[in-house]
(Lines give C-alpha, C1' and ligand atoms only; values in the text may rest on other atoms or scores of the structure.)
Protein backbone atom coordinates (compact mmCIF):
# COMPACT_ATOMS: atom_id res chain seq x y z
CA UNK A 1 0.00 0.00 0.00
CA UNK A 2 3.01 2.31 0.27
CA UNK A 3 2.80 3.13 -3.47
CA UNK A 4 -0.81 4.20 -2.97
CA UNK A 5 0.00 6.33 0.07
CA UNK A 6 2.91 7.97 -1.76
CA UNK A 7 0.69 8.61 -4.79
CA UNK A 8 -2.05 10.31 -2.76
CA UNK A 9 0.31 12.27 -0.51
CA UNK A 10 2.31 13.56 -3.51
CA UNK A 11 -0.70 15.68 -4.53
CA UNK A 12 -2.68 16.05 -1.30
CA UNK A 13 0.00 16.31 1.37
CA UNK A 14 0.32 14.24 4.49
CA UNK A 15 -2.43 12.18 6.01
CA UNK A 16 -3.59 14.09 9.08
CA UNK A 17 -6.26 11.71 10.34
CA UNK A 18 -7.64 8.28 9.53
CA UNK A 19 -10.66 6.13 10.34
CA UNK A 20 -10.78 2.35 10.11
CA UNK A 21 -14.06 1.66 11.89
CA UNK A 22 -17.67 2.62 11.30
CA UNK A 23 -19.65 4.93 13.62
CA UNK A 24 -20.61 1.89 15.74
CA UNK A 25 -16.94 0.97 16.24
CA UNK A 26 -16.95 -2.01 13.85
CA UNK A 27 -13.78 -2.49 11.81
CA UNK A 28 -14.04 -1.82 8.07
CA UNK A 29 -11.71 -3.37 5.44
CA UNK A 30 -10.19 -0.04 4.37
CA UNK A 31 -9.41 3.37 5.85
CA UNK A 32 -10.80 6.78 5.15
CA UNK A 33 -8.12 9.44 5.45
CA UNK A 34 -8.09 13.20 5.72
CA UNK A 35 -5.23 14.86 3.90
CA UNK A 36 -3.76 18.26 4.68
CA UNK A 37 -4.57 19.77 1.28
CA UNK A 38 -6.21 19.27 -2.07
CA UNK A 39 -5.02 20.01 -5.59
CA UNK A 40 -6.38 23.58 -5.37
CA UNK A 41 -5.12 26.09 -2.79
CA UNK A 42 -7.45 26.31 0.20
CA UNK A 43 -8.84 22.79 -0.22
CA UNK A 44 -8.51 19.48 1.56
CA UNK A 45 -9.09 15.92 0.45
CA UNK A 46 -10.87 12.95 1.98
CA UNK A 47 -9.94 9.62 0.41
CA UNK A 48 -10.40 5.94 0.87
CA UNK A 49 -7.17 4.05 1.38
CA UNK A 50 -7.24 0.33 0.80
CA UNK A 51 -10.62 0.07 -0.94
CA UNK A 52 -8.56 -0.98 -3.95
CA UNK A 53 -7.56 -4.14 -2.08
CA UNK A 54 -11.10 -5.34 -2.81
CA UNK A 55 -11.99 -6.31 -6.35
CA UNK A 56 -15.07 -4.48 -7.59
CA UNK A 57 -16.86 -5.30 -10.83
CA UNK A 58 -17.76 -2.92 -13.64
CA UNK A 59 -21.51 -3.20 -14.28
CA UNK A 60 -20.84 -2.37 -17.95
CA UNK A 61 -17.88 -4.55 -18.93
CA UNK A 62 -17.85 -7.10 -16.10
CA UNK A 63 -14.14 -6.41 -15.63
CA UNK A 64 -12.49 -6.18 -12.24
CA UNK A 65 -11.70 -2.63 -11.11
CA UNK A 66 -9.44 -1.57 -8.26
CA UNK A 67 -10.74 1.77 -7.07
CA UNK A 68 -10.28 4.50 -4.47
CA UNK A 69 -12.77 7.31 -3.82
CA UNK A 70 -11.87 10.97 -3.24
CA UNK A 71 -13.84 14.01 -2.19
CA UNK A 72 -12.69 17.62 -2.07
CA UNK A 73 -13.85 20.45 0.15
CA UNK A 74 -12.79 23.96 0.98
CA UNK A 75 -10.70 24.05 4.15
CA UNK A 76 -12.70 26.98 5.54
CA UNK A 77 -15.93 24.97 5.09
CA UNK A 78 -14.67 22.24 7.40
CA UNK A 79 -14.63 18.47 7.21
CA UNK A 80 -18.13 17.96 8.71
CA UNK A 81 -19.29 14.35 8.18
CA UNK A 82 -17.49 13.90 4.86
CA UNK A 83 -15.24 11.02 6.03
CA UNK A 84 -18.33 9.10 7.18
CA UNK A 85 -20.05 9.86 3.88
CA UNK A 86 -17.10 8.56 1.84
CA UNK A 87 -16.94 5.51 4.09
CA UNK A 88 -20.65 4.81 3.58
CA UNK A 89 -20.31 5.01 -0.21
CA UNK A 90 -17.29 2.67 -0.15
CA UNK A 91 -19.08 0.15 2.09
CA UNK A 92 -22.03 0.15 -0.33
CA UNK A 93 -19.61 -0.58 -3.18
CA UNK A 94 -18.23 -3.58 -1.29
CA UNK A 95 -21.69 -4.84 -0.39
CA UNK A 96 -22.82 -4.59 -4.03
CA UNK A 97 -19.44 -5.81 -5.44
CA UNK A 98 -19.83 -2.94 -7.92
CA UNK A 99 -17.35 -0.27 -8.94
CA UNK A 100 -18.45 3.28 -9.49
CA UNK A 101 -18.20 4.52 -13.05
CA UNK A 102 -18.05 8.02 -14.49
CA UNK A 103 -21.58 9.38 -14.63
CA UNK A 104 -23.01 7.30 -11.79
CA UNK A 105 -25.22 9.15 -9.33
CA UNK A 106 -25.60 8.16 -5.68
CA UNK A 107 -28.85 9.51 -4.29
CA UNK A 108 -30.56 11.83 -3.93
CA UNK A 109 -30.84 11.22 -0.22
CA UNK A 110 -30.84 13.57 2.74
CA UNK A 111 -28.65 16.66 2.70
CA UNK A 112 -25.02 15.59 2.57
CA UNK A 113 -24.02 18.03 5.31
CA UNK A 114 -26.03 20.29 7.57
CA UNK A 115 -26.98 23.53 5.85
CA UNK A 116 -26.08 22.22 2.39
CA UNK A 117 -28.25 22.13 -0.71
CA UNK A 118 -26.42 19.01 -1.94
CA UNK A 119 -28.31 15.71 -1.66
CA UNK A 120 -26.50 13.42 -4.09
CA UNK A 121 -23.05 12.53 -5.35
CA UNK A 122 -21.98 12.49 -8.97
CA UNK A 123 -19.06 10.24 -9.90
CA UNK A 124 -16.52 12.00 -12.08
CA UNK A 125 -12.97 11.64 -13.21
CA UNK A 126 -10.84 13.66 -10.76
CA UNK A 127 -10.77 16.70 -13.05
CA UNK A 128 -9.58 19.13 -10.36
CA UNK A 129 -6.54 16.90 -9.80
CA UNK A 130 -3.53 16.66 -12.14
CA UNK A 131 -3.86 13.94 -14.79
CA UNK A 132 -1.07 12.00 -13.07
CA UNK A 133 -3.39 11.52 -10.06
CA UNK A 134 -6.20 9.73 -11.94
CA UNK A 135 -4.61 6.30 -11.61
CA UNK A 136 -1.58 4.58 -10.14
CA UNK A 137 0.01 1.16 -9.93
CA UNK A 138 -0.23 -0.97 -6.84
CA UNK A 139 2.87 -2.74 -5.56
CA UNK A 140 1.59 -5.90 -7.28
CA UNK A 141 1.42 -4.03 -10.60
CA UNK A 142 -2.36 -3.75 -10.82
CA UNK A 143 -3.92 -0.42 -11.75
CA UNK A 144 -5.92 1.62 -9.24
CA UNK A 145 -8.32 4.26 -10.54
CA UNK A 146 -9.64 7.22 -8.56
CA UNK A 147 -13.28 8.26 -8.65
CA UNK A 148 -14.16 11.79 -7.56
CA UNK A 149 -17.39 12.12 -5.57
CA UNK A 150 -18.88 15.48 -6.53
CA UNK A 151 -21.76 16.86 -4.45
CA UNK A 152 -24.83 17.73 -6.54
CA UNK A 153 -28.40 18.84 -5.91
CA UNK A 154 -31.56 16.76 -6.24
CA UNK A 155 -32.44 18.60 -9.47
CA UNK A 156 -29.02 17.85 -10.93
CA UNK A 157 -29.33 14.17 -9.98
CA UNK A 158 -32.72 13.97 -11.71
CA UNK A 159 -31.20 15.73 -14.73
CA UNK A 160 -28.53 13.02 -15.02
CA UNK A 161 -31.16 10.28 -14.74
CA UNK A 162 -33.25 11.91 -17.51
CA UNK A 163 -30.64 13.33 -19.87
CA UNK A 164 -27.46 11.38 -19.09
CA UNK A 165 -24.10 12.19 -17.59
CA UNK A 166 -22.73 13.73 -20.79
CA UNK A 167 -25.48 16.40 -20.65
CA UNK A 168 -24.57 17.20 -17.05
CA UNK A 169 -20.89 17.50 -17.89
CA UNK A 170 -21.73 19.79 -20.81
CA UNK A 171 -23.68 21.98 -18.36
CA UNK A 172 -20.72 21.92 -15.96
CA UNK A 173 -18.36 23.07 -18.71
CA UNK A 174 -20.71 25.84 -19.88
CA UNK A 175 -21.71 27.17 -16.46
CA UNK A 176 -18.52 26.38 -14.53
CA UNK A 177 -20.11 26.22 -11.05
CA UNK A 178 -17.98 25.97 -7.94
CA UNK A 179 -18.15 22.19 -7.38
CA UNK A 180 -16.55 22.60 -3.97
CA UNK A 181 -19.33 24.87 -2.69
CA UNK A 182 -21.75 22.70 -0.72
CA UNK A 183 -24.19 25.62 -0.62
CA UNK A 184 -24.16 26.53 -4.31
CA UNK A 185 -27.50 26.83 -6.10
CA UNK A 186 -28.61 24.11 -8.49
CA UNK A 187 -27.61 24.59 -12.13
CA UNK A 188 -31.11 23.44 -13.05
CA UNK A 189 -33.02 26.37 -11.52
Taking the condition of being part of a strand (DSSP E or B), without any contact (Cβ under 8 Å) to a residue 60 or more places away in the chain and surrounded by fewer than 20 Cβ atoms within 10 Å (Cβ to Cβ), how many residues in the range 53-77 meet it? 2
From the residues in the range 17-52 that are out of contact with any strand residue (DSSP E or B) (no Cβ under 8 Å at 6 or more places or on another chain) and part of a loop (DSSP other than H, G, I, E, B), which one is nearest to residue 148 (Cα to Cα)? 41
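Every residue, every condition in (1) over 30 Å from residue 184 (Cα atoms); (2) touching a helix residue (DSSP H, G or I) at 6+ places or on another chain (Cβ under 7 Å), yes or no:
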residue: 14; (1), (2): no, no
residue: 21; (1), (2): yes, no
residue: 40; (1), (2): no, no
residue: 50; (1), (2): yes, no
residue: 103; (1), (2): no, yes
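Conditions tested, residue by residue: (1) under 27 Å from residue 7 (Cβ atoms); (2) at pLDDT below 95; (3) touching a strand residue (DSSP E or B) at 6+ places or on another chain (Cβ under 7 Å).
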residue: 115; (1), (2), (3): no, yes, no
residue: 122; (1), (2), (3): yes, no, yes
residue: 126; (1), (2), (3): yes, no, yes
residue: 138; (1), (2), (3): yes, yes, yes
residue: 147; (1), (2), (3): yes, no, yes
residue: 157; (1), (2), (3): no, no, yes
residue: 160; (1), (2), (3): no, no, yes
Matching entry among 100, 85, 91 (being surrounded by 15 or more Cβ atoms within 10 Å (Cβ to Cβ) and either touching a strand residue (DSSP E or B) at 6+ places or on another chain (Cβ under 6 Å) or assigned to a strand (DSSP E or B) (or both)): 100
Scope the range 133-167; condition without any contact (Cβ under 8 Å) to a residue 12 or more places away in the chain, within 17 Å of residue 52 (Cβ to Cβ) and outside any loop (DSSP other than H, G, I, E, B); matching residues: 135
Every residue in the range 139-149 that is surrounded by fewer than 16 Cβ atoms within 10 Å (Cβ to Cβ) and touching a helix residue (DSSP H, G or I) at 6+ places or on another chain (Cβ under 7 Å), please. 139
For the range 168-175, indicate whether the set of residues that are surrounded by fewer than 14 Cβ atoms within 10 Å (Cβ to Cβ) and part of a loop (DSSP other than H, G, I, E, B) is non-empty. no
Scanning the range 36-59 residue by residue, those closer than 18 Å to residue 135 by Cα and over 13 Å from the mean Cα position of the chain (by Cα) turn out to be 39, 50, 52, 53, 54, 55, 56, 57, 58
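The values are calculated or read from the model by the stated rules, or taken from the named source; none is laboratory data. Bear in mind the structure is a predicted one, so any value in this text is a computation, not a measurement. Don't worry about glycine lacking a Cβ; one is built from the backbone with ideal geometry, like all the others, and counts go over all protein chains shown.
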